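Reviewing the structure listed below.
Every read-out reported here was derived from the displayed coordinates using simple, explicitly stated rules and does not represent laboratory data. Treat the numbers as computed from the prediction; the structure is a model and nothing was measured. Using ideal geometry, Cβ is built from the backbone for each residue, glycine included, and neighbour counts are taken over all protein chains shown.
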Amino acid sequence: MAKHKIKLLPDGRRLTGRAGSPLLEALTDSGVRIYSPCGGRGLCGSCQVQIAGPGRPVSAEEHRHLSRRQIEEGWRLACRQTLDCDLAVTLTESIDFAQAKIKLAELETGALSVRGVPRKVVFTPREMTLEELNIPFAEALAAALPPQVAPPARLELLRRFTDLLQEGHQQLTLVVERDRLVGVEAGDTTGALYGAAVDIGTTTIALYLCDLATGRIISGSARTNSQAVHGADVMSRIGFCHFQPDGLEKMRDLVRGDIQALADECCRKAGADIAQIYRWVLVGNTTMQHLFFGFDPFTLGFLPYLPLVNGAVSFDPADCGLAGASCASGHFLPILAGHVGADTVGVALAAGLDRAAGVTLAVDLGTNGEIILADNGRMVASSTAAGPAFEGMRIACGMRAEPGAVDRFWIGEDGEPGYHVVGDTPARGICGSGLMDIAAGLLAAGVIDGTGWLLPPEKLPEAVPQSLAGRLEQADNGQWQFVVADPAGGRRVVLTQRDVRELQLAAGAISAGIGILLHKAGRQPKEIERVLLTGAFGHFLDPESALVIGLIREVPLERIQSIGNAAGLGARMALVDSQCFDRALAIARSMEFVELGAEKDWNERFTEAMIFPPAEGR
């Protein structure tokens, strides 16, 4: 089969790809990951590359997503370009950073209570008399074990134990769980007893390697979920599994490979052996759970979004491609419904919502938005698709929170706009927190009106300073856009009218969902005592901007706080404390689920919530 060469600039790497294949596919197959949240369907415009040499054909999708200047400079969408000759390609970005959850992993280093998890006991074998040996084997084995440790039930472990006894080791280490022998090792290995807590996010996977003796994190790391090359949202991935040959197997292997790579990395950083991981606890939304186990997620793609399995799932890590101790156990915390998964249960556990007095609202803002309303022990939960805009999908200059992303924006008292860029490099795009700040700032200044229109200069209020009005320009489609940055050595970054609409859709979905849960509980927004923002995006957004755009409404700013990666913390708690694990099971049994789309007033609430709140209502 004919192949063509691809030279990657500026690092000079050389790849080959199958002739006639999309450039995006060729790059992905070669291990180069391009941010393509729509899964290569030409919808998001994120997979931008600059192709050197003669002009390449321009598709309708490229005309829609790229400016005239970009097209003239050779920028194209990798998903729309066919590999029909040798190419030299400059990439805009890689998606291997996962910066947000890495930072959160580094923050969460406190010890947790340790109860009911595997423990190690040093055992010194003793010589047995002839009379002692001449008794039934089970009795002899029970006599040889320390008090309150039951003999193993598995033949393989019996064989291992007796082999080590015969070899004459001076010491053995017994691995005991719930007072039953589950493993035996030669020598004294009590100094190494680890577990792994894993948060499988749709966008980012985080792993925390924990000491099961102390409850502390000894290392943590995160990486972009490799499934993202086939779509940013769960529906895209469900479709990939259904329509692509071996799609489900590919998705399963990608997520398992990511988790194993993170475990290897964490062990390497901590100086630990991967064979010393004795317990795994995983959380993730329902689709991520199905894909990890290799369950067909097709029924999650349409109403009533029925999962194939419900509740918690225990598994042998080796059966799922995860290396570790031969006696390791694996547990996926319980899911609640088709789009409310174990990550939501983890949030509720970490935030103590099952024991919280008063009214607490927890919002996990990621690619999907999960909402939990806790009212004196009663918990009502729901999920809504809110993430595409927050993750940069369908945003003209959208990107992840990586070097080059505008993540903060403000308008000073003198009317001059300012912004911060991740990595302190020239601006190349806008991430979710920056998108929210820009919209909130322009809304407060009067550049955007309550319906979400970017106003042309002649219709701006008189109070709008020229420093803002001068940044308005007409795009190629005739609509107005706001120039955020035009740095030397960077990319011209703009906020378009369509970007504002996408943000309204995302914020409106969350706001309407909160309204329905409050209605179910018979509560008003003013009765909410705490709003807990969680998830990587929720951790870094400005709560004041969230109020200005109406993502959260009618709640005093001082009641809003971030609690970091609560889903990951919940997984850690269940990893090192069996009582917390049991609490997670109880939370899933008691939590009430609301399917927003089935609510008769959902469309009306959603439409109303897309209108930005008036200044007096913020």
- For the chain, longest principal axis from Cα atoms; helix 342-351 axis from its Cα atoms; angle between them, nearest 10 degrees, is 90 degrees
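Could you please rank ILE200, ILE587, placing first whichever residue has the fewest other Cβ atoms within 10 Å of its Cβ? Can you show the working numbers first?
Details: ILE200 28, ILE587 24.
Arranged by neighbour count, lowest to highest, ILE200, ILE587 become ILE587, ILE200.
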- Query: Given R₀ = 22 Å, FRET efficiency for ASP424-ASP486 by Cβ-Cβ distance, to 0.05?
  - Reply: 0.80
- Query: Which of the trypsin sites (Lys or Arg not before Pro) across segment 150-231 are loop residues per DSSP, with 12 or fewer other Cβ within 10 Å?
  - Reply: ARG154, ARG178
- What's the extension gain from GLU156 to ASP179 if we count 0.36 nm per residue and subtract their Cα-Cα distance? 6.4 nm
- segment 389-494: D in µm²/s via Stokes-Einstein (Kirkwood Rh, Cα pairs, 10 °C, 1.306 mPa s)? 114 µm²/s
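Please compute the length gained on full extension between ALA318 and GLU462, using 0.36 nm multiplied by the number of residues separating them and subtracting their Cα-Cα distance.
On the way: separation 144, 0.36 × 144 = 51.84 nm, distance 6.71 nm.
Full-extension gain reported as 45.1 nm.
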- Note down the nm distance, to one decimal, between modelled labels 7 Å out along Cα→Cβ at ARG559 and at ASP273. 5.4 nm
- So what is the relative contact order for segment 194-344, in percent, with contacts set as C-alpha pairs under 8 Å and at least six apart? 25 percent
- Rounded to whole angstrom, the alpha-carbon centroid of segment 460-478 lies from that of segment 242-304 at a distance of 47 Å
- Task: With everything on Cα atoms, drop me the angle between helix 578-590 and the longest principal axis of the chain, reported from 0 to 90° to the nearest 10.
- Result: 50 degrees
- At a Förster radius of 22 Å, what calculated FRET efficiency corresponds to the Cβ-Cβ distance of ASP84 and ARG64, to the nearest 0.05? 0.45
- Message: Using Cα-Cα distances under 8 Å and only pairs 6 or more residues apart, what relative contact order does the chain have, in percent?
- Response: 13 percent
- Pull up the DSSP beta bridges for segment 194-344 and report the antiparallel fraction as a percent, rounded to 5. 65 percent
- Task: May I ask you to list the residues of segment 461-483 whose amide nitrogen lies under 15 Å from a point 7 Å from Cα along the Cα→beta-carbon direction of ASP414?
- Result: 465-468
- GluC sites (Glu not before Pro) restricted to segment 381-459 and DSSP loop, no more than 10 other C-beta within 10 Å: GLU413
- Query: Quick one: if you stick a label point 7 Å off each Cα along the C-beta vector at VAL309 and VAL149, how many nm between them?
  - Reply: 3.1 nm
- Considering only DSSP beta bridges with both partners in the chain, what is the antiparallel share in %, to the nearest 5? 70 percent
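So what's Rg/Rh here for the chain, counting alpha carbon atoms and using the Kirkwood radius for Rh?
1.03
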- Note on the structure: Answer in debye to the nearest 20: the dipole magnitude of segment 389-494 about its Cα centre, from +1 Lys/Arg and -1 Asp/Glu charges placed on Cβ, is 360 debye
- Query: Hey, which of these cross-link pairs are over 30 Å Cα-Cα: LYS3/LYS269; LYS459/LYS526; LYS3/LYS250; LYS526/LYS600?
  - Reply: LYS3/LYS269; LYS459/LYS526
- Task: Please order THR28, THR299, THR607 by the number of other Cβ within 10 Å, starting at the fewest.
- Result: THR607, THR299, THR28
- Task: Calculate, for LYS7 and VAL122, the FRET efficiency according to 1/(1 + (r/R0)^6) with r their C-beta to C-beta distance and R0 45 Å; round to the nearest 0.05.
- Result: 0.15
